[in-house]
Amino acid sequence: MKISTMKELLNAKVLCCEEGIGRHVYSACGSDMMSDVLAYVKDQAVLMTGLVNAQVIRTAEMMDMICIVFVRSKEPTPEMIELARESGIVLLSTSKRMYEACGILYTNGLVGNHTKNERIASL
């Protein structure tokens, strides 16, 4: 799924790195606990969260994620936007709650909890 498709499905606005919305993503996760993201998430390209602090950007950067979706109309600070810009991470914001946003993306084909090898084997 392209990030631009995610944007449309979630009725989201782009907050940073709009030039990257043509990129494809194959998996996502949703969490407000960055320690869980670091401990349990593998090979996810999109992070969905309602947490708004610099650790979100740092975590996504460490996990090689290319997009963060802030749910519940949350918006990052200017400092967070600058950190994301430096890393080329697309930032989106949607008014939808986490459960709804994850459900919309999942029912439209964006999966979670699969490694790259599992995705290749399913092709």
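The values are calculated or read from the model by the stated rules, or taken from the named source; none is laboratory data. Bear in mind that the values here come from a model prediction, so they are computed numbers and not experimental data. Please note: Cβ atoms are built from the backbone with ideal geometry, for glycine as well, and neighbour counts cover all protein chains shown. These area figures cover heavy atoms from the full protein model, side chains too; ligands, DNA and RNA do not enter into them. Shrake-Rupley method; radii C 1.70, N 1.55, O 1.52, S 1.80 Å.
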Among the residues of region 75-97, the number that are open to solvent by 30 Å² or more (accessible area, probe 1.4 Å), at pLDDT 95 or above and closer than 18 Å to Gly30 by Cβ is 3
Pair list, Cβ < 6 Å and 6+ apart or interchain, from region 28-40 residues that are polar (S, T, N, Q) to residues that are surrounded by 12 or more Cβ atoms within 10 Å (Cβ to Cβ): Ser31/Val37
For region 59-69, give me each residue that is at pLDDT 95 or above and either farther than 14 Å from Leu9 by Cα or exposed (fewer than 13 other Cβ atoms within 10 Å of the Cβ) (or both). Cys67, Ile68
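Tell me the helices (runs of 4 or more DSSP H) entirely within region 1-113 that contain at least 2 residues that are acidic (Asp, Glu).
Where helices (runs of 4 or more DSSP H) fall fully within region 1-113 and carry at least 2 residues being acidic (Asp, Glu), they are 78-87.
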